[in-house]
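The structure appears below as structure tokens.
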Amino acid sequence: MKGTVDFDSIREDFPILGTKTTNDRPLVYLDSAATSQKPRKVINAVSRFYRTCNANPHRGSYKISEAATEAYEKSKKKAARLINAGAWEEIVYTRNTTESINLVAQTWADENIGKGDHILISEMEHHSNLVPWLMLAHRKGAVLDYIRLNGSRTGLDEGSMEEQMAKSPKLVSITQCSNVLGAIVDVKKVARRAHERGAKVLVDGAQSVPHMSVDVREIGADFLAFSAHKMLGPSGVGVLWGRRELLEQMPPFLGGGQMIRSVEFQDFTTTELPWKFEAGTANIEGAVGFGAALDYLRKIGMDRIREHDVMLTKYALEGMSRLKGVEAFGPGLDRLDSKAGVVSFEIAGAHPHDVATIFDGEGVAIRAGHHCAMPLVVQILGKPALARMSFYLYNNAQDVDAGIAAIEKVKRTFKLK
Ligand SMILES: Cc1ncc(COP(=O)(O)O)c(C=O)c1O
């Protein structure tokens, strides 16, 4: 298959995919939007770090501490290259996307957003890109506005975007890809409109950066947040990229060791980027593992990963469209260019939690719930919960077949037509 990943050989790099799960079934993992599996190269990099150079970076003047410092910084250089950041010093490591967004909310936004100011997000945000802004709005007396979804709930409503932009928000914080609908947002266009109105732009890249080429300079973002664990890396490492001039102006986030230049009994000064935002001992082994994940992704190529996602998504949507009573949400087969490998679905007559349990009995891991996007799932789509399959580079057509077969099993179990 020209241009696509040789996924069969890729699967062998992921030890967990060779294991058995419920009812002694081989594991079929269709929950990568929640977290990704890890290749041997990542597992080995973490283990090697512990075995050969475990030390606290920056603090020691001995060989293995220097090696740890180098490994930590090298990981940031790889993250910077992935998103075409201006400099690796613009890469701040946090715990996850959630913390990256909260960092901006509690530093830049806390200083720049006041009573009556508008903050603009969309109706399809993950709670991570919604609750921090609600908290800020409540704290400051600011107003949180929403860009509405279009009528088919496949993307943003252009008219609503224009209407909201006319209020000249101070900040537009927008997902590049919905973890429920799989809808890919043209964030370049959103950023252009926001900048014309004088707003700063934060892009939630939790679902996009792991799956496609994202170039922060090309999209014109001011901040980008994403998580290592969704892109083959360890948990506990998140990225906040910000434009250097903004990061330099911002007050620190957490106070403590590492983030200071000097401390007196009644005062302190902060150190240079990115350390100013990284108080305390970092998740060094996580950063090292993330570096290995970035090498792995780079070798395959983000464009090829995107092609592979599209191939699997198309196959899944086609399979589901042949089944009666099954509805998939978000962009469909006619909009694959703006659809990520995330397929939320409903089987009429079966509760999503029962669906996930029956899938599990077949060895197929999927997620059911509100997917941390309650306003979207409950208020906009009007569902208590949805089942969701999501794909990554190690999935193949047989995994999708297993998902489709599990849907058929649900229908048989509940005697659905
Ligand atoms: C779109 C989106 N934003 C933010 C997050 C939060 O990521 P994390 O849990 O790594 O902080 C997620 C997680 O699923 C997500 O899908």
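Among the residues making up region 218-246, those that are more than 23 Å from residue 296 (Cα to Cα), among the charged types (D, E, K, R) and open to solvent by 10 Å² or more (accessible area, probe 1.4 Å) are 218, 243, 244, 245. Of all residues in region 192-213, those being open to solvent by 10 Å² or more (accessible area, probe 1.4 Å) and without any contact (Cβ under 8 Å) to a residue 60 or more places away in the chain number 6.
Does residue 112 fit the bill of being closer than 21 Å to residue 219 by Cα and in contact (Cβ under 8 Å) with a residue 40 or more places away in the chain? So residue 112 fails the test. When region 250-271 is limited to residues that are aromatic (Phe, Trp, Tyr) and open to solvent by 90 Å² or more (accessible area, probe 1.4 Å), the one that is nearest to residue 113 (Cα to Cα) turns out to be 268.
Scanning region 92-116 for residues that are within 16 Å of the ligand (Cβ to nearest atom) and not charged (D, E, K, R) yields a count of 13. Just to be sure I understand the filter: pairs with C-beta atoms under 9 Å, separated by 6 or more residues or on different chains, first member in region 158-185 and in contact (Cβ under 8 Å) with a residue 60 or more places away in the chain, second member aromatic (Phe, Trp, Tyr). Which pairs pass? Hits for this filter: 171/108; 171/133; 173/133; 173/223; 180/329; 181/329; 182/329. The sole residue among 105, 71, 55 that is open to solvent by 20 Å² or more (accessible area, probe 1.4 Å), small (Gly, Ala, Ser) and touching a residue at least 12 places away in the same chain (Cβ under 8 Å) is 71.
Figure legend. Inter-residue proximity from region 345-360: first residues at positive phi, second residues surrounded by fewer than 19 Cβ atoms within 10 Å (Cβ to Cβ), beta-carbon distance below 6 Å, spacing 6+ or different chains. Indicated pairs: 349/414; 349/416.
Would you confirm, using the coordinates I've provided, whether residue 119 is away from the ligand (no atom under 16 Å from the Cβ) and more than 19 Å from residue 229 (Cα to Cα)? Answer is yes for this residue.
The values are calculated or read from the model by the stated rules, or taken from the named source; none is laboratory data. Remember, predicted model here, so these are calculated numbers, not experimental data. For neighbour counting, all protein chains shown are included, and Cβ atoms are generated from backbone atoms with ideal geometry for every residue, glycine included. Quick note on the areas: whole protein, heavy atoms, side chains included, nothing else; ligands and nucleic acids left out. Shrake-Rupley method; radii C 1.70, N 1.55, O 1.52, S 1.80 Å.
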